[in-house]
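**Student:** Quick one: the structure is below, questions incoming.
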Amino acid sequence: MAGTDHGSAIQPFASLAAARLSLRNKPVPSRLLAVAEYGFSLRLTEPIQGLEWCRVAAEALPPDLAPHESSQVLAYFSNGLRVVGHYDEAKEVIERALAVSPGDPFLLEVKGSLLRDIRQLDEAAECLQSAAMRRRVSGDIAAYARTILGTAHVMDEAGLSREASKCALKALDILNAEVDPSRHLLRTSIQNYAAFLCNAGEPLEALRALRAAAPLLEGGGQYFDLRVEWLYGRISASLREESAEAKLSAVRDKLAAGGLIQEAALATLDLARFYVLVKDPRAADTALSVAPLLQTLGIERDAREAEILGKIAEAGKAFSDLEFLISELYGVVASRPDTRRRVA
């Protein structure tokens, strides 16, 4: 999520029960925030547990708590609800938070992420752009860059990939060693910029960007390196290079081995789309091979994904139909932000 990062928050109480008892007896603002921030820090690794920590803090909010502190706790709770797919309740909670602190950039980022998840992309972009403007005015350049990238992702998902690449360039323009000493945001912005170019139908431009920035991409860690490797595979596929098959197959296997099932399904569909481009008869079977992965993610048999898979099976070697159906399936799988988190 754009804007705020509490990935290293320390567990403030020995257990949820201890936190609940302490906050009921004495809802000290610093403790309320510590509990909610700890829950927020678990959003990717232990989302169900993280939600419960946030819930404990939200349920203990006293009526006389300062507006900023109260809205922050509610925002963490809303995000926890969003991550596990409780969208209606998440929306209700973040609106409560915004009623207390209208215009708070973190709250707007939480709402923007929620709107993105429920595919209200125009509203999500508007919300994140508003948050970005407030981040810029506040002088928090790192948060400003993160929010710009969040806006870019929404644009990309809305089919505005060229505009998204321009947003990523804007983030690159404002980042420096003082703002981003670990170069995490810089690496992410470069990778995003190249990915958006590839999505915009400019694979050669994307390839040039990656090659020119190769030294800056070092040090991102195993998963980041795998994302870059995946992007190289997608670029090769867009260029119809024979090497794309081996690249995408290797990425798919590494993602699956690492337990990143949703990503493994998407890499498989990237391979299927490549087969469609080069008129390889394995396209349909490759797309259908994601079925066990989707079942692992807990996607129901009557879900939209299953319906599309049925149509792919019927299409067989009709490449014109397959191209549309595989792209549609890719979009549906990619738009399920909660699936990988449930497996994690």
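Read-outs: derived from the displayed coordinates by stated rules, not from any lab. Given the structure is predicted, the values throughout are model-derived calculations rather than measurements. Virtual Cβ from ideal backbone geometry, glycine too; neighbours counted across all protein chains shown.
**Student:** Between D173 and D122, what length comes free when the chain is fully extended (0.36 nm per residue of separation minus the Cα-Cα distance, one decimal in nm)?
**Tutor:** 15.9 nm
**Student:** Moving to a separate point now. Defining a contact as two alpha carbons under 8 Å apart and six or more residues distant in sequence, what relative contact order in percent does the chain show?
**Tutor:** Worked out over the chain, it gives 11 percent.
**Student:** For the stretch 246-344, which GluC sites (Glu not before Pro) pass both filters: DSSP loop (anything but H, G, I, E, B) and at most 11 other C-beta atoms within 10 Å?
**Tutor:** Answer by residue number: E300.
**Student:** Provide, for q = 0.15, 0.21, 0.27 Å⁻¹, the log10 of I(q)/I(0) from a solvent-free Debye sum over equal Cα point scatterers in the stretch 20-78.
**Tutor:** -0.35, -0.67, -1.04
**Student:** For a label point 7 Å from the Cα of D321 along Cα→C-beta, name the residues of the stretch 271-311 whose backbone N is under 18 Å from it.
**Tutor:** Only 273, 276-277, 279-289, 305-311 pass the distance filter.
**Student:** Taking the simple approach of a point 7 Å from Cα along Cα-to-Cβ for both A66 and A99, what is their distance in nm?
**Tutor:** 2.3 nm
**Student:** Could I ask something else about it? Between 0 and 90 degrees, rounded to the nearest ten: what's the tilt of helix 203-212 against the longest Cα principal axis of the chain?
**Tutor:** That helix lies at roughly 60 degrees to the long axis.
**Student:** Quick check: net charge around Y38, other residues with Cβ under 13 Å of its Cβ, Lys/Arg +1 and Asp/Glu -1?
**Tutor:** Combined, the nearby Lys, Arg, Asp and Glu give 0.
**Student:** Could you give P(r) for the chain, binned at 10 Å from zero, as whole percent values over all Cα-Cα pairs?
**Tutor:** Pair shares across the bins are 6, 22, 32, 25, 12, 4, 0.
**Student:** Right, another one. Is it possible to state the helix-based mean residue ellipticity at 222 nm for the chain, with each DSSP H run of 4+ residues giving -39500 (n - 2.57), the sum divided by total residues, to the nearest 500 deg cm²/dmol? What is it?
**Tutor:** -23000 deg cm²/dmol
**Student:** For helix 244-257, what angle does its Cα long axis make with the longest principal axis of the chain, in degrees from 0 to 90 and rounded to 10?
**Tutor:** 40 degrees
**Student:** Quick one: pull the percentage of alpha-carbon pairs in the stretch 179-305 with a separation above 23 Å.
**Tutor:** 37 percent
**Student:** Remind me, relative contact order of the stretch 1-118 in percent, using alpha carbon pairs under 8 angstrom and six or more residues apart?
**Tutor:** So the answer I get is 24 percent.
**Student:** I need the Kirkwood Rh of the stretch 1-118: take the reciprocal of the average 1/r across all distinct C-alpha pairs and report it in angstrom.
**Tutor:** 13.8 Å
**Student:** Per the Cauchy relation, a quarter of the hull surface: what is the mean projected area of the convex hull of the alpha carbons in the stretch 134-227, in nm²?
**Tutor:** Dividing the Cα hull surface by four gives the mean projection, 5.9 nm².
**Student:** A further question follows. GNM, the chain, Cα, under 10 Å: largest mean-square fluctuation among I141, I174, I261?
**Tutor:** For the chain, modelled as a Gaussian network with Cα springs under 10 Å, the answer is I174.
**Student:** While we're on this one: Once both axes come from the Cα atoms, what is the angle between helix 67-83 and the longest principal axis of the chain, in degrees from 0 to 90, rounded to 10?
**Tutor:** 30 degrees
**Student:** Which one of P27, P203, P105 has the biggest mean-square fluctuation once the chain is modelled by GNM with Cα springs under 10 Å?
**Tutor:** P27
**Student:** How much length is gained if the chain between E241 and E314 is pulled fully straight, taking 0.36 nm per residue apart and subtracting their Cα-Cα distance, in nm to one decimal?
**Tutor:** Contour length minus the Cα-Cα distance gives 23.5 nm.
**Student:** Where in the stretch 185-204 does the label zone of A334 land, with the point 7 angstrom along Cα→C-beta and an amide N cut-off under 16 Å?
**Tutor:** Taking a point 7 Å out along Cα→Cβ of A334, the residues of the stretch 185-204 whose backbone N falls under 16 Å are 191-203.
**Student:** Here is a further query. Within 10 Å, count the other beta carbons around each residue, average over each peptide in 115-125, 76-86, and list them highest first.
**Tutor:** Listed from highest to lowest mean packing, they are 76-86, 115-125.
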